[in-house]
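What follows is a set of notes on a single structure, which appears directly below.
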Amino acid sequence: MQTLQIDELTEQYTAAMVEAILGQLLWEGPVVLRTPDDLSDYLMLDVQSGAQLDATWIAANVRCLQQHIQSVYSGMEEGYEAAHFDPEDIEYWYRILSHYSTWSANVTLQDQAENYIVPALRLGKTQLFRSLENNLNQMRLSSDSVQKGLMEYTQSLQRV
């Protein structure tokens, strides 16, 4: 059988299983599952994805973990309904960690900041570096102005 036929059969099988579970033919659990999204949330995987998944198993596991943490922070996970979390942690979660793409970019930025061309995206700048940035941004760039800015920066570093 060709791969396309196997993929098509796999997708049909998955769709049939989802329908059987949602129709409660194969499910008698404590949670009411009405839609494929409910089932995806409960299983922590995407039951609507195709056979040709574009994600690695690591990416899929990170997404699963993110979904679990999301349900904990949202009070949907059993045992965490009344839990109190630090507002800064929740804000950081929703701003950066809750989506795979922003989490991945943040990890790359922290581990390999030198690979990012846009200096504004770099994390952990020192006050001296910010000062150098400000000085260079305030003047018209030329060899002399950059050399002057770098000289001031290195002199400041030597004083530290």
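Of all residues in region 59-74, those that are hydroxyl-bearing (Ser, Thr, Tyr), surrounded by 13 or more Cβ atoms within 10 Å (Cβ to Cβ) and either in contact (Cβ under 8 Å) with a residue 24 or more places away in the chain or not in a helix (DSSP H, G or I) (or both) total 1. Scanning region 63-74 for residues that are at pLDDT below 85 and of a type in the set (A, V, I, L, M, F, W, C) returns a single hit, CYS64.
Scan region 23-37 for residues that are surrounded by 14 or more Cβ atoms within 10 Å (Cβ to Cβ) and at pLDDT 80 or above and jot them down. The one that is surrounded by 14 or more Cβ atoms within 10 Å (Cβ to Cβ) and at pLDDT 80 or above: PRO36. Being modelled with pLDDT of 80 or more and among the aliphatic types (A, V, I, L, M) is the filter here, so list the residues in region 1-19 that pass it. Within region 1-19, LEU9, ALA15, ALA16, MET17, VAL18 meet the criteria.
For every residue, the table says whether it meets (1) modelled with pLDDT of 85 or more; (2) in the same structural domain as ASN134 (by TED's automatic domain parsing); (3) surrounded by fewer than 11 Cβ atoms within 10 Å (Cβ to Cβ); (4) on the phi > 0 side of the Ramachandran plot.
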| position | (1), (2), (3), (4) |
| --- | --- |
| MET76 | no, no, no, no |
| GLY79 | yes, no, yes, yes |
| GLU88 | yes, no, yes, no |
| TRP93 | yes, no, no, no |
| LEU97 | yes, no, no, no |
| SER101 | no, no, yes, no |
| GLN110 | no, no, no, no |
| GLU114 | no, no, yes, no |
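The values are calculated or read from the model by the stated rules, or taken from the named source; none is laboratory data. Only a predicted model underlies this, so the values are computations on that prediction, with no experimental measurement involved. Methodologically, a virtual Cβ is constructed for each residue, glycine included, from the backbone with ideal geometry; neighbour enumeration extends over all protein chains shown.
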